[in-house]
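A.B. asks: Let me begin by handing over the structure; questions about it come next.
The values are calculated or read from the model by the stated rules, or taken from the named source; none is laboratory data. Because the structure is a prediction, the values reported are computed rather than measured. Neighbour counts are summed over all protein chains in view; Cβ atoms, including those assigned to glycine, are modelled from backbone coordinates with ideal geometry.
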């Protein structure tokens, strides 16, 4: 709605019609970032029109032919996204089952328009990744009680924060919600705690909360949830979780069907791994990401002692410091008979570790092995090629010192292998 109205409305309409403003995440950024970017931001429209963006409104300076300058501030929700317009104006709302508007930058205003569509009673998948959605947008979504068939809500990489997460957690109509993706939203500990209090999402199977500034406090609060017995995938990567947080997660008695746990890029450490390895009730665990967690030889020894994870197919220990001794310990495990992918990138592994790996006979299903950024040369590659139990399809040796001699030995052993 225009705050000021001039007598030259046709000219204003013409300018607004031909002016295209590129939406950005400006209004959701911290104030100091806004101020710094505003110094370097300008949008040229015509020779007689300039536009500058503020955090809440758009301001147009119109220079009339008689050199009279008029400043007009307005706040008009516009449907600039063609896909959004088509959805909102669709004459057959019952046919809409999936709304995928990822990276369309529709913002809170666009989301509020979507949330008013109570006629979309068959909506099952709502994907709004990277759309500059803040608290208002999350609130609007949470207040729609007509999408009772919603099974997937994807709000990855927005700005809903802890308040937005709290609003979503208040929804009680999404009883069929199976997948919730809130990664990269800065929900923090308070947001995690709010989500854990929801008792309506009894069908929830996959929860993605990576990159959200969640510490041990938030992990502990989240772990108090008792209403998600069907949870199979939990992603808490790139947070601030240490031994205390992983201990709380392991103490949860409801998530016994967990098959994938991603806590990569945290601070789990050897002590946290030791606690994790005592979780014998996770018999369905198939994928475990412990990359970049300050894990050393002791953590590797603890992992090697596990006997209950018989379905483990992917283990990521990249960018830790387990070293040769750690690899020797891992190689002694005989229960991971389903292991298909092992990531040991960046672990200071040399001749002793490679020799131990080469002697493993239990990992008969191993197809992908990541050994980049270690201390491996042609001799170690030749030793690795002596393994008789693997059917390797992909082997990464990037940032090592393996040349033609080593690669030839590997190719002779596995002719179709992809060497990276």
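A.B. asks: Of the residues 191, 245, 218, which single one is more than 24 Å from residue 271 (Cβ to Cβ) and over 14 Å from the mean Cα position of the chain (by Cα)?
C.D. replies: 191
A.B. asks: Take residue 142 and tell me if it is touching a strand residue (DSSP E or B) at 6+ places or on another chain (Cβ under 6 Å) and assigned by TED's automatic domain parsing to the domain that holds residue 203.
C.D. replies: no
A.B. asks: What are the residues in the stretch 206-222 that are touching a strand residue (DSSP E or B) at 6+ places or on another chain (Cβ under 7 Å) and on the phi > 0 side of the Ramachandran plot, if any?
C.D. replies: Matches in the stretch 206-222: 213 only.
A.B. asks: Which residue is modelled with the lowest pLDDT, if the candidates are limited to the stretch 88-126 and must be touching a strand residue (DSSP E or B) at 6+ places or on another chain (Cβ under 6 Å) and surrounded by 18 or more Cβ atoms within 10 Å (Cβ to Cβ)?
C.D. replies: 99
A.B. asks: How many residues does the stretch 80-95 hold that are part of a loop (DSSP other than H, G, I, E, B) and over 26 Å from the mean Cα position of the chain (by Cα)?
C.D. replies: Here the count works out to 5.
A.B. asks: Let me ask you something else. Mind checking whether some residue in the stretch 382-392 is under 13 Å from residue 344 (Cβ atoms), more than 34 Å from the chain's Cα centre (by Cα), in contact (Cβ under 8 Å) with a residue 24 or more places away in the chain and surrounded by 14 or more Cβ atoms within 10 Å (Cβ to Cβ)?
C.D. replies: The answer is yes; a qualifying residue exists.
A.B. asks: Let me ask another. Only one of (1) buried (at least 23 other Cβ atoms within 10 Å of the Cβ); (2) in contact with a strand residue (DSSP E or B) (Cβ under 9 Å, 6 or more places away or on another chain); (3) not in a helix (DSSP H, G or I) fails for residue 267. Which number is that?
C.D. replies: (1)
A.B. asks: Okay, moving on. Would you check which residues across the stretch 135-155 are under 17 Å from residue 170 (Cβ atoms) and not in a helix (DSSP H, G or I) and list them?
C.D. replies: 143, 144, 145, 146, 147, 148, 150, 153, 155
A.B. asks: I've got another one for you. Could you say which residue among 414, 370, 363 is modelled with pLDDT of 95 or more, over 33 Å from the mean Cα position of the chain (by Cα) and either buried (at least 17 other Cβ atoms within 10 Å of the Cβ) or closer than 22 Å to residue 320 by Cβ (or both)?
C.D. replies: 414
A.B. asks: Here is a list: 323, 350, 299. Which entry is touching a helix residue (DSSP H, G or I) at 6+ places or on another chain (Cβ under 8 Å) and crowded, with 21+ Cβ neighbours inside 10 Å?
C.D. replies: Answer to the check: 299.
A.B. asks: Considering every residue within the stretch 306-320, establish whether at least one is more than 21 Å from residue 286 (Cα to Cα), surrounded by 17 or more Cβ atoms within 10 Å (Cβ to Cβ) and either touching a helix residue (DSSP H, G or I) at 6+ places or on another chain (Cβ under 9 Å) or touching a residue at least 12 places away in the same chain (Cβ under 8 Å) (or both).
C.D. replies: No: zero hits.
A.B. asks: Let me ask you something else. Out of curiosity, is residue 359 assigned by TED's automatic domain parsing to the domain that holds residue 273 and free of Cβ contacts under 8 Å to residues at least 40 places away in the same chain?
C.D. replies: Criteria met by residue 359.
A.B. asks: Related question: Only one residue in 260, 240, 256 is under 17 Å from the mean Cα position of the chain (by Cα), within 29 Å of residue 337 (Cβ to Cβ) and surrounded by fewer than 21 Cβ atoms within 10 Å (Cβ to Cβ). Which one?
C.D. replies: That would be 260, the only listed residue that is under 17 Å from the mean Cα position of the chain (by Cα), within 29 Å of residue 337 (Cβ to Cβ) and surrounded by fewer than 21 Cβ atoms within 10 Å (Cβ to Cβ).
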